[in-house]
Each structure stands twice: as structure tokens, then as C-alpha cells.
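The values are calculated or read from the model by the stated rules, or taken from the named source; none is laboratory data. Computed from a prediction, not measured in an experiment: that's the story for all the values here. Reconstructed Cβ throughout: ideal geometry from the backbone, glycine too, with neighbour counts over all protein chains shown. Remember, those area values only see protein heavy atoms, side chains included, never the ligands or the DNA or RNA. Shrake-Rupley method; radii C 1.70, N 1.55, O 1.52, S 1.80 Å.
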Amino acid sequence: MLTFFGRLLAKKKSTILEEEKPMKKFLVVGLGNIGPKYENTRHNIGFKILNRLAQNENLSFEPAKLGDITTYKIKGRSLLLLKPSTYMNLSGKAVLYWLQKEKIPLENLLIITDDLNLPFGTIRVKTKGSDGGHNGLKDIQLQLGTTNYNRFRFGIDNEFGRRNQVDFVLGEWEPEEETQLNERLDKSIEVIKSFALAGITNTMNSFNGK
């Protein structure tokens with residue numbers, strides 16, 4: 001009997017989020033590359049947004065399987081915030097693992113990524129779409145077997161002139177961008193909260209193009 005109850009207890013503790021109702025559990029993934037040399041690059045805006053949310057809410061990321069994670073509770077919703085440690089090109093492996101482990105519905109997944117095709121700081125939230133040549137999204141699509149997942153694209157512009165596109169994406173923000181970034185990060189946090197509380201449709205209507 002003790003062994004049986006021991007297994008039950010272990011099973012209950014096997015998930016990070018305490019919320020038992022699937023529709024109140026969310027996975028928010030910020031895409032980026034690990035390591036100091038990538039920390040302040042355009043490609044790491046997903047990490048940067050989640051770091052700002054964690055800072056504002058006094059949350060701490062902890063190393064876990066395939067990424068750093070922390071949990072954020074807001075008005076009855078439980079959000080698992082994930083920064084994959086797989087490097088950008090294998091992001092899907094971490095996304096799929098945590099979706100399945102926490103039994104989070106696909107519609108409660110939000111991927112935060114950079115977008116070359118949007119002006120700097122522009123917000124675009126969508127429920128589906130192509131990977132747009134983004135290797136992180138490409139791997140997520142491959143692992144999930146669908147393009148129907150929510151993504152929050154943050155514009156990084158494509159005004160790189162004669163510079164190589166890869167160098168631009170993996171380059172650091174220009175001084176004038178840095179001055180505007182704080183406000184854009186705060187706006188991005190509002191997007192995450194709206195996604196959990198108001199739903200994807202209301203979030204798109206409220207924030208797209210803002």
C-alpha cells in the first residue's frame with residue numbers, strides 16, 4: 001500500500017505547474033541562443049522579453065531539461081516560461097517536451113521570436129503561419145507537426161544595408177534602438193498577460209501593429 005501511495009505522490013510532483021485544469025495552463029517560450037555572446041543580440045529578443053517579465057515579477061529562472069524555466073501565476077492562470085537551451089535551430093525539441101510533460105493544450109502555447117520583415121519594435125501576434133525562413137520556427141513546426149500554433153513576432157527590421165543578414169540578426173542593438181527597447185519590452189509583457197487572460201483573438205486585436 002505504501003508503495004502504491006508513494007507512486008501517486010511522485011506522479012503528482014512530476015509536473016512543474018500546480019494548476020490541474022489544462023485550459024488554465026500556458027507555455028510561453030522565448031526563442032534565443034544561450035551564452036554571453038548572444039545575450040544582447042536581435043535574435044535573442046525572446047529571451048530578453050522573458051527576462052524582463054521575470055525581473056518585473058521577481059521570478060528566477062532555473063536550469064531544467066532542455067532549457068531554463070520559471071513559473072508565473074496571474075489571476076488563476078499558471079504560465080510556464082521557457083528559454084530553450086538547445087540553441088535556436090533545435091528549439092522545437094524543448095517546446096514539445098514541456099508541452100507534453102505539463103499537459104498543456106497546443107492552443108495555450110505562445111512562441112516569442114524575432115522577425116526581420118517587421119519594422120523595429122512592431123508587434124505581430126498570429127495563430128498560424130509559415131516559418132518565414134526562421135530556423136527556430138522551422139524546428140518547432142517539424143516537432144509539433146503543424147504550423148497552427150500561436151506566435152508573437154517582434155520586429156527587428158531588415159535595414160542591414162551591406163551587412164550580411166546573419167551578422168545583422170546576430171548583431172547587437174543600435175544605440176537608438178536601445179533607447180526605445182525598454183518601452184517595447186514593457187509592451188511585450190502586456191501581450192503575454194493578455195494572451196493568458198483575454199485569449200489570442202483579443203490579444204491580436206489589441207496589440208497587432210502597435
Which of Ile156, Thr127, Ile16 sits closest to the plus end of the dipole of the chain, meaning its Cα is farthest towards the positive end, when Lys and Arg get +1 and Asp and Glu get -1 on the C-beta?
-> Ile16
Straight distance only, please: which lysines reach the Cα of Lys128 with their own Cα at less than 25 Å, same-chain residues fewer than 8 apart left out?
-> Lys21, Lys24, Lys25, Lys48, Lys83, Lys93, Lys101, Lys103, Lys138, Lys187, Lys193, Lys210
Subtracting the Cα-Cα distance from 0.36 nm times the residue separation, let me have the gained length for Thr201 to Glu172 in nm, one decimal.
-> 7.2 nm
Structure-based [θ]222 nm, the chain - -39500 (n - 2.57) summed over DSSP H runs of at least 4, per residue, nearest 500 | -12000 deg cm²/dmol
Roughly what would the spin-label model give for Asn208 and Asn89, points 7 Å off Cα along C-beta, in nm?
-> 3.3
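Take the solvent-accessible surface of the protein heavy atoms, probe 1.4 Å, and return the percent of it on the chain that carbon and sulfur atoms account for.
So the carbon and sulfur contribution to the accessible surface is 50 percent.
Would you work out the relative contact order for the chain, in percent, from Cα pairs under 8 angstrom that are 6 or more residues apart?
On the way: 369 pairs, mean separation 50.3, N = 210.
That works out to 24 percent.
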Quotient of Cα radius of gyration and Kirkwood radius for the range 84-172, i.e. Rg/Rh, equals 1.00
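Relative contact order of the range 78-182, please, whole-number percent, based on alpha carbon pairs below 8 angstrom and at least 6 residues apart.
Values: 129 pairs, mean separation 34.4, N = 105.
RCO, the range 78-182: 33 percent.
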In the range 132-210, what GluC sites (Glu not before Pro) fall in a loop by DSSP, with at most 11 other Cβ atoms inside 10 Å?
-> Glu159
Heavy-atom accessible area per residue - the range 55-135, 1.4 Å, Å² | 47
Report the extension gain between Thr146 and Glu159 in nm, rounded to one decimal, defined as 0.36 nm multiplied by the number of residues separating them, less their alpha carbon distance.
-> 1.6 nm
Mind grabbing the accessible area of Lys73 for me, 1.4 Å probe, Å², rounded to tens?
-> 130
Using semi-axes √(5λ) of the Cα gyration tensor in Å as the read-out, say which of [x] 45, 21, 12; [y] 30, 18, 16; [z] 41, 17, 15 was calculated from these coordinates.
-> [y]
